[in-house]
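Accompanying notes for the structure given below.
The values are calculated or read from the model by the stated rules, or taken from the named source; none is laboratory data. Model, not experiment: these values are computed from the prediction. Note that each Cβ is placed from the backbone with ideal geometry, even for glycine, and that neighbours are counted across all protein chains shown.
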Amino acid sequence: MPMGSLTIRNIDEDLKRKLQVRAARQGLSMEEDLRRVLSGLVAELPSTEKRAAAMEDIVRPPPAIVDETEMRERLARVVALGRRPDEPIDWKAVSDELHDFLP
């Protein structure tokens, strides 16, 4: 199987040193350790089909909703929640907004 390569630029030197130490403690090269970490992260992600099946049980329509098209649209919106956002989330802004909202 052909293997790809990945280059990550602009990594903080302190982070790089910590990654090197982590790998050395396990007797691995930093590359091998990071390959294992990345593989583990991807393996933990549920497939779109599994997420859709799980969410389908949660979003069953109340008896008043009988339109299948509307139901499929609702399900698609819920499944879309399982993907990563297009842009990073500004948690400070979210926290500030929540703080302003609460009494």
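Some points to look at:
- Cβ pairs under 7 Å, 6+ apart, first in segment 77-103 and hydrophobic (A, V, I, L, M, F, W, C), second assigned to a helix (DSSP H, G or I): Val78/Met55; Val79/Thr48; Val79/Arg51; Val79/Ala52; Val79/Met55
- Only one entry in Leu19, Leu28, Leu102, Leu81 is modelled with pLDDT of 80 or more, out of contact with any helix residue (DSSP H, G or I) (no Cβ under 6 Å at 6 or more places or on another chain) and not basic (Lys, Arg), namely Leu28.
- Residue check for Ala53: assigned to a loop (DSSP other than H, G, I, E, B), out of contact with any Cys (no Cβ under 9 Å at 6 or more places or on another chain), at pLDDT below 80 and not basic (Lys, Arg): no
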